[in-house]
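The values are calculated or read from the model by the stated rules, or taken from the named source; none is laboratory data. Quantities reported herein were computed from a predicted structural model and do not represent experimental measurements. Using ideal geometry, Cβ is built from the backbone for each residue, glycine included, and neighbour counts are taken over all protein chains shown.
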There are 2 protein chains.
Amino acid sequence: MKIGAHYLGNGECEFTVWSPTLNSVAVQILTPEQQVIPLKPQAEGYWQAKVSDVYPGTLYKYVVNDENAFADPASQYQPEGVHGPSQVVDHHFEWTDTAWTGISLESMIFYELHVGTFTPEGNFTAIIPRLADLRELGINAIEIMPISQFPGDTHIEASLAYRNWGYDGVYPFAVQNSYGSPADLKQLVNACHEHGIAVVLDVVYNHFGPEGNYTGQFAPYFTKTYKTPWGNALNFDDALSQGVRNYFIENALYWLREFHIDALRLDAIQAIYDLGAKHFLWELAEAVHSFSQGQTWKRHLIAESDLNNPQIIRPPELGGYGIDAQWSDDFHHSLHALLTGDRQGYYEDYGQCADLAKAYQDTFVYDWKYAPHRKRFHGITCRDRPLSQFVICIQNHDQIGNQMKGDRLWQRLSFEGLKLAAGAVLLSPYLPLLFMGEEYGETAPFMYFVSHSDFDLIQAVRAGRKEEFAAFHYDEDPPDPESAETFLRCKLNWQLRNEGQHKVLLDWHRQLINLRKSHPVLLNQDRNSIHATSDEDKQLVIVRRWCESTELVFAM
Amino acid sequence: MKIGAHYLGNGECEFTVWSPTLNSVAVQILTPEQQVIPLKPQAEGYWQAKVSDVYPGTLYKYVVNDENAFADPASQYQPEGVHGPSQVVDHHFEWTDTAWTGISLESMIFYELHVGTFTPEGNFTAIIPRLADLRELGINAIEIMPISQFPGDTHIEASLAYRNWGYDGVYPFAVQNSYGSPADLKQLVNACHEHGIAVVLDVVYNHFGPEGNYTGQFAPYFTKTYKTPWGNALNFDDALSQGVRNYFIENALYWLREFHIDALRLDAIQAIYDLGAKHFLWELAEAVHSFSQGQTWKRHLIAESDLNNPQIIRPPELGGYGIDAQWSDDFHHSLHALLTGDRQGYYEDYGQCADLAKAYQDTFVYDWKYAPHRKRFHGITCRDRPLSQFVICIQNHDQIGNQMKGDRLWQRLSFEGLKLAAGAVLLSPYLPLLFMGEEYGETAPFMYFVSHSDFDLIQAVRAGRKEEFAAFHYDEDPPDPESAETFLRCKLNWQLRNEGQHKVLLDWHRQLINLRKSHPVLLNQDRNSIHATSDEDKQLVIVRRWCESTELVFAM
């Protein structure tokens, strides 16, 4: 069931909202003139009305039970932020990517970027001039951190007001107002496709942010059965869950259909609790693959999963959910622990050369092995899954941002260490992901930053961040996550890429990617064509990869 | 890891307890003389000591952190009830079932019984004289409702003090003291095997009862991540969960090894929350099947599951847990709704002849179909699973006891209706289960009864029971679950089986079972050898079953 304000053209708009437990719902048109039009109840708890004289740009809210008015849970735009009204969007757009046939999943080289800090302007439009550089580097897929409307400190000027990694979004269908309009995002995707670059969008289906979420006024979006790190879990398997499932499935299709997005990166799917017989991810994968079949290029789903469970990416006939690929942290953690010597926090479970060798050969280091940091057995083997179903990295927003000061490896490793790390990732048989700036050794940190308008929440976030790092016994406090300066310090210094060692590193990445794309051994992603061994005494990992009679040996 | 008091003979006993977060544990020997012996810490949070001069019958507790003393979480006997000390048990027993080779799962005909109400005496020993009758009826597997130590109102005489269905047990390894000793249970199993009857034991791995559970003093048995209908869920996937998993896996092996139990019926597995990569049920099934391989007869696991999810019973290579069989309620609910006209509560989701036809043919009526009572889509297809992996019934403890007055079908149906119901179950291709007394039309109800010693808990149980039935708008209150009279009224009237219509019904059951065991069509459990159709206008269900050139047609 399509939800939200669906602009039909000629001043006609269809409003649909899911509110199975309400007695009445009406749409309150706010501009140009105020009027309230009741919605009619439909099957399965939906309410609907076709309204005339409603043009794109019209602001509206929904009045529930003849009392208060709230923004649309499926709002496509929130020009005044999370607490303001929703806006009717016309999706007509002159696409020029008709020749686009997509990028095959197994050949993707991901480049993760955060819209707000990737450019000085911090919006969609400013990304476009950099696409040629990325393409020249060899990148064929940008992965955009979440862009659904999140809250901001609206007391200060707009370009600084909204500071968020994106995981605090509360309107999954609404393009973040400070990043641009829906049309601006389409312009970016269109330009990417013209540059031969696919667009992966990071979407969050496991929680809503802590400020500006009014979905509870409309329907039981939450269940009390499970707790997530962010409070009650979203309701994917309890009474009335079908409306919640539809909401997120429609969200996925919305990005693919209206914005030509190539793939969705599903945030932390371990917090999508669904113990029903048909997991939400399975239903989502069915819907996306069914949509994809009618399209001129294939769309993909990539899960961020902390479970080390191949069930996520197995086909349904083998009891899986049919997700196309998943992130695997074990590679990162093994390599990071060896390169940096870090052993605190989750790095406690890594640090042996044998771990990295296992990550190359078996993907999961933890395949029902006891993990001391988790204090439990973790994972199962995924050796039945192709190597091309796993995304790996040595830096990403989390791994950098979870360091207290947001240090990148540039601050941690020697220049030779950085080159080794790049080779380890880009010449691996997995799908590599670079974090913006990694390719030229960006010096700016990527710290945890947020901005809320709720004072208590601001204090709670600050306290939480301090507490998190207190466990590591650092001498100083972490940077203030609620400060605009913290955000500004994370902006990239794009000119560095042409300077000294930064330029050497950039060239190194370009050569590695070129090699990855052309060498027959590196193109071979067969799981039985790789063998890795290790020697703890010599601190050595040897990876052998082969293809027919050719063999490459990597020593680290 | 074996846990509990393991009597080694010659007055030597090894005590092992899992307490990963305690600073010290000591065993406090209470009889014949008091002494306290410290346990030594072992790997993975276990504590252990071998103690001399400890003979079977010795009472003991564990002193934790040099403070309070509690009964052993893995106690094998609680002669003074849930709040008393644990007792050392010698498992030596003169088994005479050496010729026993077990009953194959697909040929099992289950007879569910509750020890306390099956006989006037209400204990294990009193069951033995009735085995010949059951065997003569054709029963080849008795299924004993849970017998792990539960609380009782110890202010009254012993034979009446303990009244519980068994799902409030708090010592999974301890044979309920009011039912007899561990040796008495062995005597019963031994006698069953001599009569050619397998013994299925109902075990509860999804919660502890509300009174007398001291496990929290020893280790993190619970997690706050999930809520069950009985409070916080048991910890199967959180930090330190391996000790909890080991506790229940050792429990399963304990019953199979020491008591020669043939199969375990796992209570309500939908409340065993485990979102790790290797579900507890999978690990349990591996352990049981591995144990079974070294035995002269095969042991089985049968899950009670409300999930309509064949993942439970699929082999691991198809993404399943490898449980041997599962209960399926859809057959019962479809048939019950048609026979009685009940449409309240969960019967709201049933009542069409098409439902029963689908239950015969596809097993799950709800295979990702919207269930109005659940207010969500439910189940997925299980057509890849053999019919012999499903246990069905028209009466069981829950379906009778969940009626306000514990009415059996004898009170609800005509005599012809009872005969029809028996035929529908016993001539189905699934594994049939009868509830004690069903075979001769027992007139005693089977009501919900409990007995606690905690006054607040007693009041809460009473109030809860009233509230449960208030929703059904009955005119009267339900029988008092905490009253001894309620319990006594549930005792079987075994002599009825030789009287009038009761005898006719008993003979009818015997003939049906005989037919089931001998007719080639009825022995054929192939899913593609059954076809069911229905006609709502004529209130008719037609089931065709065949085998080679022979076909049977059942019209209901």
Worksheet item: Considering B:Phe208, B:Phe218, B:Phe222, which residue is touching a residue at least 60 places away in the same chain (Cβ under 8 Å), closer than 30 Å to B:Thr21 by Cα and surrounded by 19 or more Cβ atoms within 10 Å (Cβ to Cβ)?
Response: B:Phe218
Worksheet item: Is it the case that B:Ala99 is more than 17 Å from the chain's Cα centre (by Cα) and in a helix (DSSP H, G or I)?
Response: no
Worksheet item: Inside the stretch B:105-135, can you point out the residues that are free of Cβ contacts under 8 Å to residues at least 40 places away in the same chain and not acidic (Asp, Glu)?
Response: B:Ala126, B:Pro129
Practice prompt. Enumerate the strands (runs of 3 or more DSSP E) found wholly within the stretch A:357-403, keeping only those where 3 or more residues are closer than 26 Å to A:Ile530 by Cβ and more than 14 Å from chain B (Cβ to nearest Cβ).
Written response: A:390-393
Discussion item. Could you go through the stretch B:478-499 and let me know if any residue there is under 18 Å from B:Leu420 (Cβ atoms), at pLDDT 95 or above, over 25 Å from the mean Cα position of the chain (by Cα) and buried (at least 17 other Cβ atoms within 10 Å of the Cβ).
Written reply: no
Worksheet item: Listed residues B:Trp255, B:Trp297; which is more than 10 Å from chain A (Cβ to nearest Cβ), touching a residue at least 40 places away in the same chain (Cβ under 8 Å), in contact with a strand residue (DSSP E or B) (Cβ under 9 Å, 6 or more places away or on another chain) and surrounded by fewer than 18 Cβ atoms within 10 Å (Cβ to Cβ)?
Response: B:Trp297
Fill in: Conditions (1) touching a residue at least 40 places away in the same chain (Cβ under 8 Å); (2) out of contact with any Leu (no Cβ under 8 Å at 6 or more places or on another chain); (3) not polar (S, T, N, Q): number failed by B:Asp398
(1)
Worksheet entry | B:Asn524, sole failed condition from (1) under 20 Å from B:Leu335 (Cβ atoms); (2) modelled with pLDDT under 95 | (1)
Discussion item. Looking only at strands (runs of 3 or more DSSP E) that lie completely in the stretch B:225-311, which have at least 1 residues being of a type outside the set (S, T, N, Q), at pLDDT below 95 and touching a Leu at 6+ places or on another chain (Cβ under 7 Å)?
Written reply: none
Fill in: Flag for A:Ala484 being out of contact with any His (no Cβ under 9 Å at 6 or more places or on another chain), touching a residue at least 60 places away in the same chain (Cβ under 8 Å), over 30 Å from A:Val461 (Cβ atoms) and not charged (D, E, K, R)
no
Worksheet item: Quick one: would you say A:His83 is at pLDDT 95 or above, over 30 Å from A:Lys517 (Cα atoms) and not aromatic (Phe, Trp, Tyr)?
Response: yes
Worksheet entry | Filter result (assigned to a loop (DSSP other than H, G, I, E, B) and closer than 15 Å to B:Ile144 by Cα) within the stretch B:427-442 | B:Met436, B:Gly437
Worksheet item: Which pairs have Cβ atoms under 7 Å, sit 6 or more apart or on different chains, and link a residue in the stretch B:231-245 that is within 23 Å of A:Lys224 (Cβ to Cβ) to one that is surrounded by fewer than 22 Cβ atoms within 10 Å (Cβ to Cβ) and of a type in the set (Val, Ile, Thr)?
Response: B:Asn232/B:Thr223; B:Ala233/B:Thr223; B:Asn235/B:Thr223; B:Asp238/B:Thr223; B:Asp238/B:Thr225
Discussion item. Just the residues that are of a type in the set (Val, Ile, Thr) and touching an Asp or Glu at 6+ places or on another chain (Cβ under 8 Å), please, taken from the stretch B:343-393.
Written reply: B:Thr363, B:Val365, B:Ile380, B:Thr381
Discussion item. When you check A:Arg510 against the structure, is it touching a residue at least 60 places away in the same chain (Cβ under 8 Å), in contact with a Ser or Thr (Cβ under 7 Å, 6 or more places away or on another chain) and surrounded by 14 or more Cβ atoms within 10 Å (Cβ to Cβ), yes or no?
Written reply: no
Worksheet item: Just one of A:Ser75, A:Ser52 is in contact (Cβ under 8 Å) with a residue 24 or more places away in the chain and surrounded by fewer than 23 Cβ atoms within 10 Å (Cβ to Cβ); which is it?
Response: A:Ser52
Worksheet, complete the sentence: In the set B:Arg265, B:Arg245, the lone residue that is out of contact with any helix residue (DSSP H, G or I) (no Cβ under 9 Å at 6 or more places or on another chain) and surrounded by 22 or more Cβ atoms within 10 Å (Cβ to Cβ) is B:Arg265
Discussion item. Quick check on this structure: which one of B:Glu14, B:Glu67 is assigned to a strand (DSSP E or B) and of a type in the set (Asp, Glu)?
Written reply: B:Glu14
Practice prompt. Could you check B:Asn213 against (1) polar (S, T, N, Q); (2) within 12 Å of chain A (Cβ to nearest Cβ); (3) assigned to a loop (DSSP other than H, G, I, E, B) and say which number it fails?
Written response: (2)
Item to complete: Please go through the stretch A:259-286 and pick out each residue that is of a type in the set (A, V, I, L, M, F, W, C), over 17 Å from B:Arg376 (Cβ atoms) and away from chain B (no Cβ under 12 Å).
Response: A:Phe259, A:Ile261, A:Ala263, A:Leu264, A:Leu266, A:Ala268, A:Ala285
Response to the item:
Note on B:Ala239: of the conditions (1) crowded, with 20+ Cβ neighbours inside 10 Å; (2) farther than 28 Å from B:Ser451 by Cα; (3) not assigned by TED's automatic domain parsing to the domain that holds B:Gly319, unmet is (1)
Worksheet, complete the sentence: Scanning the stretch A:313-325 residue by residue, the ones that are touching a helix residue (DSSP H, G or I) at 6+ places or on another chain (Cβ under 7 Å) and within 14 Å of another protein chain (Cβ to nearest Cβ) total 8
Discussion item. Filter the stretch B:443-502 down to the residues that are in a loop (DSSP other than H, G, I, E, B), β-branched (Val, Ile, Thr) and farther than 18 Å from B:Ile156 by Cα and list them by number.
Written reply: B:Thr443
Practice prompt. Name every residue in the stretch A:300-311 that is within 14 Å of chain B (Cβ to nearest Cβ) and hydrophobic (A, V, I, L, M, F, W, C), in order of residue number.
Written response: A:Ala303, A:Leu307
